Amino acid sequence: MRFALVANRHAWWTGVTAALLLHSTAVFSGDLAKEREKQYKKALTPEAVGRFEARVKQMKTGQVLGEKALGLKFVELEDKGKVAYLCVGDAWIPAMSGGISGGLTQLGQYCGRDSVNVWGEHFFGYVWGNMTLVPKYRVLTRASLISSEEYARREKEMSVGKLEGESETLLFADPVFVECQPISVNDPGQVEDATARKIEAGDLAKYPEPLCTDAFFEEARTVLEALTPGTRMWELPARLDGVLISTDYGQSYSLQMKGFLNTRAMGPWATTHANGKYEVWTFGTMSGGNESPQRSVVFRNGSLVEVKPFAPREELTGELH
């Protein structure tokens, strides 16, 4: 089951209005897209990572994530009657952190659940060479599941939100800070003589195939077979020379690594059950645009469950419970 993190209609506008009253940064631009990109470009720098590190050192497990806890602010962009809202903060990566909805509720991107809680995640890092996204930290959050009655009573509060799925909606309140985890990723900013080159957004579709040759898949298979249950999801890209490509400063990204079939047909998919959120990454080979899936890597609540021979989504979904 796929879930989308949203604020209810009343809370959304109430939250945006309240945030803008406190942080109003109205920008009048000739191009909203360029202005949005400019805002994120300023936020995703190594210097911003340092400011985030100083902030997160002061945070404690169980701390309520109030409006200023993570240093996020809400910006209004206006051009010729058109208005757009965005959430920005030092080193905060929007596409990996739930976007403006994740910022408003402070939950971040939904990443797990059990019978009484949901978990979220915020990622913090920087952009190198205008195209490589380098996440350095993952902030894990937790919120309590609440009843529809409590949700209705508190729906105008910014700390209340919903996760809308295909057959179920999860209602939650009061996100708290759980922990900050360093991310082990390939960091081109730390490599001597590293160089960057410009690519177009449309070229991202071409990237999986060169990394999904027979030889690269064999390298990936060796790594996958050595993984142990409980391995965190974001440990895997570093072991397979993974890179996160972003052409819009963290508003979207594409994860590429050896043997990873991150394509429209095989790309990561997720389903949710009472005991957790399952995410499945598919590995295999690719030639002439045709995928040959070989392995399904199954995670629950962000940790490895198992690596198994590839199974189609329809078949594997019935096995996850």
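The values are calculated or read from the model by the stated rules, or taken from the named source; none is laboratory data. The shown structure was predicted, so the numbers you read here are calculated from the model rather than taken from an experiment. Note that we place each Cβ from the backbone using ideal geometry, even for glycine, and neighbour counts take in every protein chain shown. Ligands, DNA and RNA are stripped out before the accessible areas are found, and what is left, the full protein with its side chains, is counted by its heavy atoms. Shrake-Rupley method; radii C 1.70, N 1.55, O 1.52, S 1.80 Å.
Descriptive notes on the structure:
- Spin-label model, Ala215 to Arg154: label points 7 Å out along the Cα-to-beta-carbon direction sit 5.6 nm apart.
- Most to least accessible of Met158, Met233 (protein chains only, probe 1.4 Å): Met158, Met233
- Accessible surface, per residue, of region 276-321 when the full set of protein chains is kept, probe 1.4 Å, Å²: 44
- Percentage relative contact order, region 104-151, counting C-alpha pairs under 8 Å, at least six apart: 33
- Taking the inverse of the mean reciprocal distance over all distinct Cα pairs, the Kirkwood hydrodynamic radius of region 265-321 comes to 11.7 Å.
- Cross-link pairs exceeding 30 Å between alpha carbons, from the set Lys82/Lys136; Lys82/Lys162; Lys80/Lys162; Lys136/Lys258; Lys34/Lys68; Lys41/Lys82: Lys82/Lys136; Lys80/Lys162.
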